[in-house]
1. Expressed as a rounded percentage, what relative contact order does segment 361-499 have, with Cα pairs under 8 Å and six or more residues apart?
2. Please work out how much length the chain gains when fully extended from K508 to M91, using 0.36 nm per residue of separation minus the C-alpha to C-alpha distance, in nm with one decimal.
3. Name the shape class, rounded, prolate or oblate, that the alpha-carbon gyration tensor gives for segment 148-305, where a ≥ b ≥ c are the square roots of its eigenvalues, rounded holds for a/c under 1.5, and otherwise prolate holds if a/b is larger than b/c and oblate otherwise.
4. What is the packing order of peptides 316-325, 107-116, taking the mean over residues of other C-beta atoms within 10 Å and listing the highest first?
5. Which peptide among 497-509, 138-150, 212-224 comes first, and what is the full order, when sorted by highest mean count of other Cβ atoms within 10 Å?
6. Work out, step by step, the length gained on full extension between E252 and E433: first 0.36 nm times the residue separation, then minus their alpha carbon distance; give nm to one decimal.
7. Quick check: from the Cα gyration tensor, does segment 372-481 come out rounded (a/c under 1.5), prolate or oblate?
8. Do any chymotrypsin sites (Phe, Trp or Tyr not before Pro) in segment 270-313 lie in a DSSP loop with no more than 15 other beta carbon atoms within 10 Å, and if so, which?
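Computed from the coordinates by the stated procedures, all read-outs in this text should not be read as laboratory data. These figures come from a predicted structure and were not determined experimentally. Here the Cβ positions follow ideal geometry from the backbone for every residue, glycine too, while neighbour counts run over all protein chains shown.
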Amino acid sequence: MEGATGVMRKVASYISMVDDGELDLDRLLEKPKMNIERQRSFDERSFGELSIKIRPFDGFENMYSAGGARSGFDTPLSSATGRNSTEPHPMIAEAWDALRRSLVYLRGQPVGTIAAVDHAAEEVLNYDQVFLRDFVPSALAFLMNGEPEIVKNFLLKTLLLQGWEKRVDRFQLGQGVMPASFKILHDPLRQVDTVVADFGESAIGRVAPVDSGFWWIILLRAYTKSTGDLSLADSPECQKGMRLILNLCLSEGFETFPTLLCADGCSMIDRRMGVYGYPIEIQALFFMALRCALIMIKCDAEGKDIVERIVKRLHALSYHMRSYFWLDFQQLNDIYRYKTEEYSHTAVNKFNVIPHSIPEWVFDFMPTRGGYFVGNVSPARMDFRWFALGNCVAILCSLATPEQSAAIMDLIEARWEELVGEMPLKITYPALEGHEWMIVTGYDPKNTRWSYHNGGSWPVLLWLLTAACIKTGRPQIARQAIELAESRLVKDSWPEYYDGKLGRFIGKQARKFQTWSIAGYLVAKMMLEDPSHLGMISLEEDKTMKPILKRSTSWTR
Ligand code: GLC
């Protein structure tokens, strides 16, 4: 958990209710309008109405989701507030109660859920805050249960926070940065609520959360898809919010790769773990956020340029990821036989990966059938570790081709003991140990081998695994994983993570009643029961569009 001081500095990240940017909040806070027709046509409209000029490219086709390509996962309209068709299961009712206990209110309105409601914990640290990434499974649970208001409130509240001036010492952060977390302080005497946010200036290592903005965009699309309420995404405030987030990632620089260069600790793994560079988690979320934004950003005077940049980036990013991050038996064998020191355009070993750097464990780990996106690729450096979140998100947003998606599931099945063991799901595999742990983590006592981010098992990942299973047509894998979780989660009071090679032990410093462990379980259950829910968090591969695309300037919605 980051933010060791426990108390967040209020420097620039401080705002009181009085100046809490009333702007058009009232207008936007009107109850979401449910509109089945518009909801159905949401994705189709966004892609289908584009006028696209297609140019063949490397035989690399079927990329961006267009209307006809969807799998039929239309999210049903959630009409009755509080409807919960899965209520009979005692564990589910308990989970809902626990989830509701984590709700945070601003001026009497629910705006998020805190990270953990663990009264037994000695130190609260910053688990009493609403983390943007942690709220995603909560939001999905509420959407699936027909309670979209809290999600809308959250999206609007965080949008206001984005507008704050953010600083680390004397350095000002980019305008579009979304906070890692925020907290509401109630002053009963003065009768005011104060919002405090952390954009990285309180976090351990002072790293900005690159994933927050991406999750925000992904959630905005999930909300729109689920409710059919287009007015939120269409509002000038949300349009601007999306543009600001994407401007941060699409600006030109010295890059030779379409992937996003990141510091260690900028995402769910928010401590030093050797994921700096081009981590798979961020690349997959980046791809998904770009695709969601492409559906929602208006192609008007302000949006046109960014839409073009998104399309170009999606094209380059998918090519790069599918080609260079992908590892299967064949690819591993090729790398094993690589020549080094190759120059010029004819180089096969483009990043000069030295075969000797392939760790021993990969040769045993790689099944004959199956594959995955590796953790990182940069000059002379391939991080061969498996990361669950990036691989599941790659399936959900169709960054992985259908063949690659199937291969990832094959790998999970073939390496069940290593990746699932007794508690789904290992955040990364394998753990860093000994000298490598010292060098890579900087002797991090929280990230010792098979603990926390270093090979720990995180129940929250269950919802991502379940979604990926449903999308690839393998719900039975999800069922097995959920059964494992059900045998322990309530008994152990919903821990944040488990430790050990098989994930048998409640994590050394794991919180209990960790909200996203609870919400992740609920989302997994609801999706299995009604797979149409998948539509709000999944994007189908496009069968009609080919890479270089152009939107007609006359395109209006
Ligand atoms: C830890 C996790 C991070 C999470 C936070 C709150 O810091 O590493 O991903 O957002 O706890 O649960």
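1. Once normalised by length, the contact order is 23 percent.
2. Result for the pair: 147.7 nm of gain on full extension.
3. Oblate is the answer for segment 148-305, as a/c is 1.5 or above yet b/c matches or exceeds a/b.
4. The most tightly packed comes first, giving 107-116, 316-325.
5. Most protected by this proxy first, the peptides run 212-224, 138-150, 497-509.
6. Answer, rounded to one decimal: 61.4 nm.
7. Values: a/c = 2.47, a/b = 1.50, b/c = 1.65.
Because a/c hits 1.5 or more and a/b fails to exceed b/c, segment 372-481 counts as oblate.
8. Working: sites: Y276, F286, F287; in loops: Y276.
Within segment 270-313, no chymotrypsin sites (Phe, Trp or Tyr not before Pro) qualify (loop, at most 15 other Cβ atoms within 10 Å).
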